[in-house]
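Notes follow once the structure below has been shown.
Read the figures in this text as sums done on the coordinates, not as results from a lab. Computed from a prediction, not measured in an experiment: that's the story for all the values here. Backbone-built Cβ (ideal geometry, glycine too); neighbour counts: all protein chains shown.
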Amino acid sequence: MVRRCAIGVDIGGTKVAAGVVTADGAVRRVVQRPTPVQQGVEAIGQQAAELAREASLRAAQEGYAPVGVGLAVAGQVDVRQQRIVGATRRFEGWERVPLKAVVERVTGLPATMDNDAKAAARAELRWGAARGARFAIVVTLGTGVGGALVVEGRVVDGARGLAGHIGHIPVQDDGPTCACGRTGCVELYAAAPGIVSVAAEAAGPAVVLHDAGDVWRAAEEGQPWAQLALGRAAESLGMALAGLVHALDPEVIVIGGGLSAWGESWRSRIERAVGARVMPAFSGRFEVRLAAYGPQAGIAGAGALVLEQVEGGDRHAPAAGGTIREP
Ligand SMILES: [Zn+2]
């Protein structure tokens, strides 16, 4: 029996990964390579297409029929136009790359794309920690802070498909400049590089920090500079999320991304920070959960995007370049 599947591709700043996403949300046969940042954005697009093709060959070997390729893309994606409209410095010129067309040409499959954090949220909504929720906030904490809002059981795209950039909610009226060009964004305090830089400044030059994991371990050991940085991260997230809770009235907030690996104590820390800032009417009326998907959230979410379109649930499936078809 041939079973239907999607190919999910996650294009991030450090690696590009592709895998087979089955109808029940399992991710299998993952292939990945480092993102060829030095070779330019065209090479990144080409690598994503080749990994998608490899994953689709592996799917066929296992008796799966891929119905399309989903792309979870770092950067700002206009989902209606199916175009990249903004990116960080690692992806200089990313807007020029006709990613959807490149992937369709190499794989022979229809492709569709969305921002990586929004894609991850689709996986949590369909199969994971936000399953069954009508109103939810999904926030991903990693190299940046990303996210998505769920309204009436659907991931919100916004007027141009740019909704969900939770990381750039301002929580300070000054401070360092963000990659987005503004100051005071929550990402500057709650994403891994921000945590490291706040900690490094507080610790002084005698302490060498490689990543946010070093800060986490130092905080566990009771180092005050590390606790200060993590406190700053939690309080900043608390501010941004409390604002969203007031605006959305969610049932659940899902914490995903690499830093969600810090687990229950980090989850409850964020829960307390949000809880301390919401109006009494919201107090205790929403749950804060850890994401069900770890590093494979982007792949799973890209697959969910394809499966949603196959099921006809998509309100604005791309018109040009082939729509997703039944096998
Ligand atoms: Zn910003």
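Residue ranges 73-82, 155-164 sort as 73-82, 155-164 when ordered by packing (mean number of other C-beta atoms within 10 Å per residue, highest first).
The ranking of Thr177, Thr22, Thr112 from fewest to most other beta carbons within 10 Å of each one's beta carbon is Thr177, Thr22, Thr112.
Run through the DSSP bridge list for the range 129-290 and note the antiparallel percent, rounded to the nearest 5. Roughly 55 percent of the beta bridges in the range 129-290 run antiparallel, per DSSP.
Taking the helices alone, the chain has a mean residue ellipticity at 222 nm of -11500 deg cm²/dmol, built from -39,500 (n - 2.57) per DSSP H run of at least 4 residues and averaged over all its residues. For the range 129-290, the residue among Leu241, Ala192, Thr143 whose Cα projects farthest onto the positive side of the dipole built from Cβ charges is Leu241. Distant-in-sequence amide contacts of Val155, defined by a placed amide H-H separation under 5 Å and a gap of 5 or more residues or a different chain, comprise nothing.
When Val254, Val150 are arranged by Cβ crowding within 10 Å, least crowded first, meaning fewest neighbours, the order is Val150, Val254.
Ellipsoid fit via the Cα gyration tensor, the range 129-290: semi-axes of 27, 17, 14 Å, each the root of five times an eigenvalue, largest first.
Averaged over residues, the count of other Cβ atoms within 10 Å places the peptides 91-100, 273-282, 140-149 in the sequence 140-149, 91-100, 273-282, highest first.
Computed over Cα pairs, the Kirkwood radius of the chain leads via Stokes-Einstein (0.692 mPa s, 37 °C) to a diffusion coefficient of 164 µm² per second. Here Tyr64, Tyr189 are placed in order of increasing Cβ neighbour count within 10 Å, fewest first, which gives Tyr64, Tyr189.
If I model a spin label as a point 7 Å beyond the Cα along the Cα-Cβ vector, how far apart are those points for Glu42 and Ala159 in nm? Using points 7 Å along Cα→Cβ, the separation is 3.5 nm. Out of every Cα-Cα pair that the range 83-185 contains, those further apart than 24 angstrom amount to 34 percent.
Straightening the chain between Ala276 and Asp173 buys 35.0 nm, computed as 0.36 nm per residue apart minus the Cα-Cα spacing. Summary value for the range 106-158: 30 percent relative contact order, contacts being C-alpha pairs under 8 angstrom separated by 6+ residues. Multiplying the residue separation of Arg28 and Leu57 by 0.36 nm and subtracting their alpha-carbon distance yields 9.2 nm.
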